[in-house]
1. Could you tell me how far the Cα centroid of region 220-291 sits from the Cα centroid of region 5-30, in Å?
2. For Arg52 and Arg4, what does the FRET efficiency come to when R0 = 35 Å and r is the distance between their Cβ atoms, rounded to the nearest 0.05?
3. Once region 3-83 is represented by equal point scatterers at the alpha-carbon sites, with solvent omitted, what log10 I(q)/I(0) does the Debye formula produce at q = 0.24 Å⁻¹?
4. Which entries in the list Lys77/Lys275; Lys14/Lys46; Lys114/Lys266; Lys66/Lys123 go over 20 Å, if you measure between the two C-alpha atoms of each?
5. Give the aspartates and glutamates whose C-alpha is closer than 14 Å to that of Lys169, dropping any in the same chain fewer than 8 places away, or say none.
6. Go through region 135-224 and name the GluC sites (Glu not before Pro) that are in a DSSP coil and have 15 or fewer other Cβ atoms within 10 Å of their Cβ.
7. Run the numbers on the chain and let me know its relative contact order in percent, using alpha-carbon pairs under 8 Å that are six or more apart.
8. Counting only residues 5 or more places away or on other chains, whose amide H sits under 5 Å from the amide H of Gly148 once H atoms are built in the peptide plane?
Amino acid sequence: MDERNWMVLQTLYKVKNITKAAQHLHISQPALTTRLHNLENEFNVKIVNRGRRGVQFTPQGEYLAKSAQEMLLNIRKIKENVLNMEDNLEGTLRLGVSTFFTDYMLPNVLKLFKDQYPNIEFKVTTDFSGHIAHLIYNQDVHIGIVRGDYSWKDQKLLLFEETICIASKEEIDIHNLPYLPRIDYHTDPLLKNSIDNWWSENFTQPPLVSIEVDKADTCKKMVANGLGYAILPSKILDNINDLYKIDLETLDGKPIIRKTWMIYHKDSLNLNIVKAFVDFIENVNLNDTNY
């Protein structure tokens with residue numbers, strides 16, 4: 001069975017819908033259906049049953065679909081190891097990167113790295129840090145860059161630290177926060193929990209949320225236009241100088257710090273392209289204003 005068929009099984013098992021699976025794989029529905037029929041003929045089993053609610057996998061089909069992840073990982077490792085035997089650094093480096101790092105730092109980092117290693121390509125997945133941690137755990141990516149302290153037993157490198165702060169266009173009294181319009185945004189659970197815990201330690205009333213947006217960058221722009229205050233990681237505010245900022249502190253007066261980490265499996269350093277990127281990041285100053 002070839003790699004593409006394993007990908008069909010894996011994708012269809014995730015979405016449970018022929019149309020959506022075909023869209024994910026960028027193939028037509030008839031082409032996907034043909035591949036399914038070929039698989040059923042190859043293994044001489046029924047893999048899926050179709051109904052009004054999508055496709056239902058048979059026990060045999062479920063076993064094959066769950067094997068797809070392992071098979072695709074093995075195929076990818078074989079390809080990477082073959083390329084790794086060459087003296088030249090080439091191949092595809094798979095990165096899982098938090099949304100903030102992607103928006104504000106990754107383009108310059110990849111450009112500098114590409115300048116040194118022009119034959120290395122990138123496949124970048126951007127999401128909240130919790131999902132990136134899941135990807136690196138499952139070895140879906142070579143390297144993960146996450147914000148916050150996730151439980152990770154393998155290799156990791158601290159990239160930078162930042163405070164979490166209240167930001168407003170005008171000077172505000174922190175004691176009046178429950179009565180002032182707040183701008184909220186979607187973020188990862190670790191940061192949300194840190195902010196919520198700080199709030200519950202300092203106030204008995206809930207915040208007065210007047211605007212909710214999908215991204216921290218949009219939230220920052222709302223704050224810069226005087227539409228309310230927000231609680232944001234400090235680095236996202238580095239390029240705005242005329243905001244009033246107050247760092248969040250614990251009850252004993254210590255600043256609440258958010259760390260950004262590069263995490264990876266030690267075994268992945270056997271791949272030249274991974275080791276090259278890790279060595280590169282270790283020698284880059286991510287606190288440079290050019291980032």
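1. 37 Å
2. 0.80
3. These q points yield log10 I(q)/I(0) values of -1.18.
4. Lys114/Lys266; Lys66/Lys123
5. In chain and number order, the partners are Asp242.
6. Details: sites: Glu161, Glu162, Glu170, Glu171, Glu201, Glu212; in loops: Glu170, Glu171.
Within region 135-224, the qualifying GluC sites (Glu not before Pro) (loop, at most 15 other Cβ atoms within 10 Å) are Glu170, Glu171.
7. This gives 20 percent for the chain.
8. Here the answer is Lys259, Thr260, Trp261, since their amide H atoms fall under 5 Å of that of Gly148.
Any read-out appearing in this document is the output of simple, stated calculations on the displayed coordinates, not a laboratory observation. Just so it is clear, the model here is predicted, and its values are computed rather than measured. Cβ coordinates were reconstructed from backbone atoms using ideal geometry, including for glycine residues, and neighbour counts include every protein chain displayed.
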